[in-house]
Every structure is written in C-alpha cells, then in structure tokens.
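A.B. asks: First, the structure itself, so that you have it in front of you.
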Amino acid sequence: QVQLVESGGGLVQAGGSLRLSCAASGRTFSRYAMGWFRQAPGKEREFVAAISWSGGNTYYADSVKGRFTISRNNAKNTVYLQMNSLKPEDTAVYCCAAKWLAVTHTRSDYDYWGQGTQVTVSS
C-alpha cells in the first residue's frame, strides 16, 4: 500500500514557476514508477510526466516538454514536478500517482493516487 500527498500548488502569473512535491509512504517507494497527471474543469485527467523507479528515464506530454521537469529523491520518498514558463492552460488539479516497477504514461496503469493540489495560472 502506498499513500501519496501532494503539495506546492498555488496561484501564479503566466510565465512564473511552481514546484510540486509528492510525498509517499512505504518502504518500497524506490520500486515504484511515478507519474503526474492533471485535470482541468470539464476535461478528462491527462498525463503530464512520469519517471522510472530508478529516475533514469523520464517522459513528458508534448504540451509540457521543455517547460516541466520531473525528478525524484528515493531517500526522501518524494517525487517533484518543477514547472516553469507556466501558461493559463496549465491551470488544473495536479495529482501524483504510483505504479509498481515499469513506467508508463497510461492513466489506468497506475494503482495509487494522491488527492491532488490546485495550480492556477493567471494571464
């Protein structure tokens, strides 16, 4: 069982930056691939970024590539999402998710989800 708690969301102007954190419980965190997903009002939850259990492989949605960076610190059981050059269309609830071993960008592959943190980007 893995419990996930996100933090770091907030209100920021377009062009600004935020760093999201996702703290995980459990001693086997280092064997879980981690992902970030987001859901805007009236839209489906979509993939943002994912990182392999070792941190050696990362994947991004085209819409955030070059602006967002996913990373992890297995010693701290934490995964991060650094978001730069934010745009109003990045406004959404951001959730982290965990799945055993193999990393994917498919929402349904993930077993554990956090409650999410709101990110609002004003124009």
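A.B. asks: Sort out which residues of region 1-27 are surrounded by 13 or more Cβ atoms within 10 Å (Cβ to Cβ) and more than 15 Å from the chain's Cα centre (by Cα), and write them in order of number.
C.D. replies: Val2, Val12, Ala14, Gly16, Gly26
A.B. asks: Out of region 91-100, which residues are surrounded by fewer than 22 Cβ atoms within 10 Å (Cβ to Cβ) and aromatic (Phe, Trp, Tyr)?
C.D. replies: Of everything in region 91-100, just one residue is surrounded by fewer than 22 Cβ atoms within 10 Å (Cβ to Cβ) and aromatic (Phe, Trp, Tyr), namely Trp100.
A.B. asks: From the residues in region 61-72 that are polar (S, T, N, Q) and open to solvent by 50 Å² or more (accessible area, probe 1.4 Å), which one is nearest to Trp36 (Cα to Cα)?
C.D. replies: For region 61-72, the residue satisfying everything is Thr69.
A.B. asks: Being touching a Pro at 6+ places or on another chain (Cβ under 8 Å), of a type outside the set (Lys, Arg), surrounded by 14 or more Cβ atoms within 10 Å (Cβ to Cβ) and at negative phi narrows it down to one residue among Val103, Val48, Val79, Val121; which is it?
C.D. replies: Just one listed residue meets the conditions, Val121.
A.B. asks: Restricting region 29-45 to residues that are at pLDDT 95 or above, touching a Phe, Trp or Tyr at 6+ places or on another chain (Cβ under 9 Å) and open to solvent by 40 Å² or more (accessible area, probe 1.4 Å), which is nearest to Tyr112 (Cα to Cα)?
C.D. replies: Arg45
The values are calculated or read from the model by the stated rules, or taken from the named source; none is laboratory data. Computed from a prediction, not measured in an experiment: that's the story for all the values here. Using ideal geometry, Cβ is built from the backbone for each residue, glycine included, and neighbour counts are taken over all protein chains shown. Note: areas computed on protein heavy atoms with side chains; ligands, DNA, RNA excluded. Shrake-Rupley method; radii C 1.70, N 1.55, O 1.52, S 1.80 Å.
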